[in-house]
Amino acid sequence: VQLQASGGGLVQAGGSLRLSCAASGSIFRFNAMSWYRQAPGKQRELVAHIISDGSTDYVESVKDQFTISRDNAKNTMYLQMNSLRPEDTAVYYCRGVDYGGYPYWGQGTQVTVSS
């Protein structure tokens, strides 16, 4: 299965974007799905994840700002990003981990927030 991330772009501070991560097959194979981001010169960090029972967790810096969700019928995971700040600028990656622990990565999508 392949993951395809999309939805990035250029937005002004305070704006919103919704990222999508579409799977080429069923996302029921994934026990957990996540969004990571990597800003220039920084390490890739986990932003949010959602597990098969629907429970979610977020890095502290995006709580109450980002919302992760998954639509099993559409085989797609989303990241709704509101009140964007320049420090949210990064390449965003999606990741799925199957029940055997094998990770699948999507390609990145660039998010740029201008001040």
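Sorting the Cα pairs of region 37-98 by distance into bins of 10 Å, from 0 upward, gives 19, 54, 24, 3 percent per bin. With θ taken as phi - 60° and the Karplus curve 6.51 cos²θ - 1.76 cosθ + 1.60 applied, the whole-hertz 3J(HN,Hα) list for region 40-47 is x, x, 10, 6, 5, 10, 6, 9 Hz, x standing for glycine and proline. Scanning residues 5 or more positions from Gly9 or on other chains, those with amide H under 5 Å from its amide H are Val111, Thr112, with H placed 1.01 Å from N in the peptide plane.
Only protein heavy atoms count here; under a 1.4 Å probe, Arg44 has an accessible surface of about 100 Å². Couplings 3J(HN,Hα) of region 67-81, computed from phi: 9, 9, 8, 9, 10, 5, 5, 9, 6, 9, 10, 10, 9, 8, 10 Hz, in residue order, whole Hz [Karplus 6.51 cos²θ - 1.76 cosθ + 1.60, θ = phi - 60°; x for Gly and Pro].
Phi-derived couplings, Karplus 6.51 cos²θ - 1.76 cosθ + 1.60 at θ = phi - 60°, listed residue by residue for region 9-17: x, 9, 9, 7, 3, x, x, 10, 9 Hz, with x used for Gly and Pro.
In the full protein context, the chain carries 52 Å² of accessible surface per residue, based on a 1.4 Å probe and ignoring ligands, DNA and RNA.
Under a 5 Å amide H cut-off, with hydrogens placed 1.01 Å from N, Thr89 pairs with Val113 among residues at least 5 apart or on other chains.
Computed on region 1-52, with alpha-carbon pairs under 8 angstrom and 6+ residues apart, the relative contact order is 29 percent.
Relative to the current alpha-carbon distance between Ser6 and Val59, full extension at 0.36 nm per residue lengthens the span by 17.0 nm.
May I ask for the distance between the Cα centers of region 5-33 and region 70-115, given as a whole number of Å? Measuring centre to centre over Cα atoms gives 4 Å. Based on the Cβ-Cβ distance of Ala73 and Leu46, what FRET efficiency does E = 1/(1 + (r/R0)^6) give at R0 = 35 Å, to the nearest 0.05? It comes to 0.85.
Take every Cα pair under 8 Å whose residues are at least 6 apart in sequence, average their separation, divide by the length of the chain, and the relative contact order is 37 percent.
The values are calculated or read from the model by the stated rules, or taken from the named source; none is laboratory data. Values in this document were obtained by computation on a predicted structure and should not be read as measured data. In this analysis, Cβ positions are derived from the backbone assuming ideal geometry, glycine residues included, and neighbour counts consider all displayed protein chains. Each accessible area value is taken on the protein alone, full model and side chains, heavy atoms only, with ligands, DNA and RNA left out. Shrake-Rupley method; radii C 1.70, N 1.55, O 1.52, S 1.80 Å.
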